[in-house]
Amino acid sequence: MADPSSYRPEPGQIPDSPGVYKFRDEHRRVIYVGKAKSLRQRLASYFQDIANLHPRTATMVTTAASVEWTVVSTEVEALQLEYSWIKEFDPRFNVKYRDDKSYPSLAVTMNEQYPRVQVMRGPKKKGVRYFGPYGHAWAIRETVDLMLRVFPVRTCSAGVFKRSAQIGRPCLLGYIGKCSAPCVGRVTPEEHRELAEDFCDFMAGRTGTYLTRLEQQMHEAAEEMEYEKAARLRDDIGALRRAMEKNAVVLADATDADLIAVAEDELEAAVQIFHVRGGRVRGQRGWVTDKVEAVDTAGLVEHALQQLYGEEKGEAVPKEVLVPVLPEDTGALGQWLAGRRGSNVSLRVPQRGDKKALMETVHRNAQQSLALHKTKRASDLTTRSRALEEIAEALELDGAPLRIECFDISHLQGDDVVASMVVFEDGLARKSEYRRFQIKSFEGQDDVRSMHEVVSRRFRRYLQEKLKTGEWSPEDGEDPLAEDDGRPKRFAYPPQLVVVDGGQPQVAAAKRALEELGIDDVAVCGLAKRLEEVWLPGEDDPVVLPRTSEGLYLLQRVRDEAHRFAIQYQRNKRGKRLKSGPLDEVPGLGESRKQALVKHFGSVKKLRQATIEQICEVPGIGRKTAETVAAALAQAPPAGPAVNTATGEIMEDETPAPAGAASERGTEL
């Protein structure tokens, strides 16, 4: 634990101007990022008597080993730089909202020739119109199903679209009137794009004009005694009204606004956002965070605004943002939001009327979200702390294992032997530091030997990173090298506890690997699946934790996550091996030329029958490559005939092989 006075800047060094500052730990890793109107005043507040600091702030300044700052010209620039650094360095003492970008949105791919309506998650892409986010994907599908009757826009994947175009026959939606079937030319690209634009306009809230037009067309059809057309228009109007009923009007005058509410206690905070477009609630999302820094409601709102709009532009930032309390730097935040939108944005607290009533509804949702989150003990800060303390007590560690790494071995009857390393910090998974290994030193099935290899490789890399930074050297007295950035290195930080999936043999192998490298400050234990026993090196009897122990629950989650990650890697590796074909064994033959060969001849079977001169006719294939391809296909055993599983009929290989596949028939497990 560092003394803040040991790295306190000298008086007069800190400028009295806006800027952003970073605290780093002894490993030069950035642990906290902040901004200030006056760097001098803000940083001075951290170097007062520790007893006067908030407990979380005191923990941060005693964990840190240095502080540095960057001066900017305006508070808006400070806000932008703070957001960028938090995204880049992921500091452990900054508020981070979990579950971001996990909510589905209704997306219309206007950047394609034939726009597609689909459910989409993740970061937003350029040229795609988004509506939402929604709480559940099924809510999007219900809305789309109602609207496809009126706006028959394409919803199929690229593969289905291409297949229908090849065979000249649309899919089922094209036959039942829920797709305009642009794949077979029923509508032109321009007509289909107009349908997609009408769909977007309706979703954006411009509903009244369209419904009025449909009603007028219905009455005209009835007057002309075109009763079937009038009935169809009547049903279309009903479908659109049912879709509108899912989003009742909550604000008058077609208001576009986002409402943000916060519910908090001493340890955690929940944020709820309602997205109102055209006066209707078009989407909802929420986040939960541990209050790892001393932050009030205004600070939580500021962090939420950064998280919500940090990567948004244009109409994704609404004209009005309603919050429960105004952040400290309201003026700077308003300018920043206006810069993201390209026009003025009103940031204010609703005082009366419908907006205040809706804000109360959003706040109730935030309270319910926090209460629900509290019931999940895996994410509860108090429970995690108790779990780490129980592990430290049971294993007789000097302190709580704030960083735990777990290793697991996976294989299929001795083939495709792989290993996984997962990392938990402060009781939470840190997926960005997960690692995968292929066993290289031997072939076959030997879990103990595999565990020894993997642990040796991981901690050998740790020693190499320490050697680079000068924290460890084979020769005493060597000057350390300075790190110039705060990005996490692959294996630079040692765990306090290594957990292996297994019993005494695996634990002994891991301990032996550490001793061979001269590492004696990392504890090792194993968790056996059969009785959930905890094994320690050199002990004949296991440590048995109570079944209700939070420490055992945490160890189980760590072990299960390592097992899941290893199984996933092993299955992917096996799948790639099973999908490989004779063309994959040809040295120097890339994916483009493989596809060119299959496309030219129509199938691998016909390519196998071709002469070297015929292979040379393919663009990009020289004689030497053609001879190598012919030799590889001649040595590879021919695959059996493909069989239609529905009829039992043997199918001739006359259709092109799928892109990237080099075998005559696919194998699906």
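The values are calculated or read from the model by the stated rules, or taken from the named source; none is laboratory data. All figures in this text were calculated on a predicted structure; none of them were measured in a lab. Glycine gets a Cβ as well: all are built from the backbone with ideal geometry, and neighbour counts include every protein chain shown. We work out accessible area using only protein heavy atoms, side chains counted, and drop any ligands, DNA or RNA first. Shrake-Rupley method; radii C 1.70, N 1.55, O 1.52, S 1.80 Å.
Taking every residue in the range 9-21 that is under 19 Å from residue 78 (Cα atoms) and modelled with pLDDT of 85 or more and pairing it with any residue that is of a type in the set (S, T, N, Q) and open to solvent by 40 Å² or more (accessible area, probe 1.4 Å), at least 6 positions away or on another chain, the pairs with Cβ-Cβ distances below 6 Å are 19/70; 20/70.
The residue that is most open to solvent (accessible area, probe 1.4 Å), among those in the range 262-273 that are over 22 Å from the mean Cα position of the chain (by Cα) and at pLDDT 80 or above, is 264.
Of the strands (runs of 3 or more DSSP E) that lie entirely inside the range 33-133, those containing 3 or more residues that are at pLDDT 85 or above and open to solvent by 50 Å² or more (accessible area, probe 1.4 Å) span 66-71. Residue count for the range 285-297, restricted to those that are of a type in the set (A, V, I, L, M, F, W, C) and open to solvent by less than 10 Å² (accessible area, probe 1.4 Å): 1.
Name the residue, out of 322, 251, 259, 300, that is among the hydrophobic types (A, V, I, L, M, F, W, C), modelled with pLDDT of 80 or more, open to solvent by less than 10 Å² (accessible area, probe 1.4 Å) and over 25 Å from the mean Cα position of the chain (by Cα). Outline the logic, then answer.
Values: 251 fails: modelled with pLDDT of 80 or more; 259 fails: over 25 Å from the mean Cα position of the chain (by Cα); 300 fails: over 25 Å from the mean Cα position of the chain (by Cα).
None of the other options fit; the residue is 322.
Would you check if there is a residue in the range 97-108 being of a type in the set (S, T, N, Q) and touching a strand residue (DSSP E or B) at 6+ places or on another chain (Cβ under 7 Å)?
Checking the range 97-108: at least one residue is of a type in the set (S, T, N, Q) and touching a strand residue (DSSP E or B) at 6+ places or on another chain (Cβ under 7 Å).
Within the range 584-622, how many residues turn out to be open to solvent by less than 70 Å² (accessible area, probe 1.4 Å) and under 11 Å from residue 633 (Cα atoms)? Number of matching residues: 6.
In the range 197-211, the qualifying residues are those that are modelled with pLDDT under 80 and open to solvent by 80 Å² or more (accessible area, probe 1.4 Å), and the one that is farthest from residue 128 (Cα to Cα) is 209.
Just name the residue that is nearest to the chain's Cα centre (by Cα) out of those in the range 325-354 that are of a type outside the set (Gly, Ala, Ser) and in a helix (DSSP H, G or I).
Here is the first cut: in the range 325-354, the residues of a type outside the set (Gly, Ala, Ser) are 325-330, 333, 335-337, 340-341, 344-345, 347-352, 354.
When the remaining residues are screened for being in a helix (DSSP H, G or I), the result is 330, 333, 335-337, 340-341, 354.
Values: 330: 30, 333: 27, 335: 29, 336: 26, 337: 25, 340: 23, 341: 25, 354: 36 Å.
Step by step, filter the range 325-354, then rank; the result is 340.
Each residue in the range 503-546 was checked for being assigned to a strand (DSSP E or B) and of a type in the set (Val, Ile, Thr), and 3 pass. Mind checking whether some residue in the range 618-636 is outside any loop (DSSP other than H, G, I, E, B), at pLDDT below 80 and not hydrophobic (A, V, I, L, M, F, W, C)? Yes; the residues of the range 618-636 include at least one that is outside any loop (DSSP other than H, G, I, E, B), at pLDDT below 80 and not hydrophobic (A, V, I, L, M, F, W, C). Applying the condition of being basic (Lys, Arg) and modelled with pLDDT of 65 or more to the range 466-517 and asking which residue is least open to solvent (accessible area, probe 1.4 Å) yields 466.
Looking only at the range 272-294, which residues are more than 17 Å from residue 385 (Cα to Cα) and in contact with an Asp or Glu (Cβ under 9 Å, 6 or more places away or on another chain)?
Once the filter is applied, which keeps residues that are more than 17 Å from residue 385 (Cα to Cα) and in contact with an Asp or Glu (Cβ under 9 Å, 6 or more places away or on another chain), the range 272-294 yields 273, 274, 275, 276, 277, 278, 279, 285, 286, 287, 288.
Is there a residue in the range 280-287 that is closer than 16 Å to residue 362 by Cα and without any contact (Cβ under 8 Å) to a residue 40 or more places away in the chain? There is at least one residue in the range 280-287 that is closer than 16 Å to residue 362 by Cα and without any contact (Cβ under 8 Å) to a residue 40 or more places away in the chain.
If we scan the range 285-303, do we find a residue that is under 21 Å from residue 129 (Cα atoms) and out of contact with any helix residue (DSSP H, G or I) (no Cβ under 6 Å at 6 or more places or on another chain)? Yes; the residues of the range 285-303 include at least one that is under 21 Å from residue 129 (Cα atoms) and out of contact with any helix residue (DSSP H, G or I) (no Cβ under 6 Å at 6 or more places or on another chain). Here the condition is being in contact with a helix residue (DSSP H, G or I) (Cβ under 8 Å, 6 or more places away or on another chain), exposed (fewer than 15 other Cβ atoms within 10 Å of the Cβ) and not aliphatic (A, V, I, L, M); of 342, 353, it holds for 342 alone.
Counting just the residues of the range 140-187 that are β-branched (Val, Ile, Thr) and modelled with pLDDT under 90, which one comes out nearest to residue 117 (Cα to Cα)? Reasoning before the result, please.
Keep residues of the range 140-187 that are β-branched (Val, Ile, Thr), which gives 140, 143-144, 150, 153, 155, 160, 167, 176, 184, 187.
Now restrict to residues that are modelled with pLDDT under 90: 140, 143-144, 150, 176.
Working: 140: 10, 143: 11, 144: 8, 150: 14, 176: 17 Å.
Among those that are β-branched (Val, Ile, Thr) and modelled with pLDDT under 90, it is 144.
The residues of the range 181-196 that are open to solvent by 40 Å² or more (accessible area, probe 1.4 Å) and on the phi > 0 side of the Ramachandran plot amount to a single one, 185.
Identify all residues within the range 154-176 that are of a type in the set (Lys, Arg) and in contact (Cβ under 8 Å) with a residue 24 or more places away in the chain; write none if there are none.
Restricting attention to the range 154-176, the residues satisfying the condition of being of a type in the set (Lys, Arg) are 154, 162-163, 169.
Hit for the range 154-176 is 154, nothing else.
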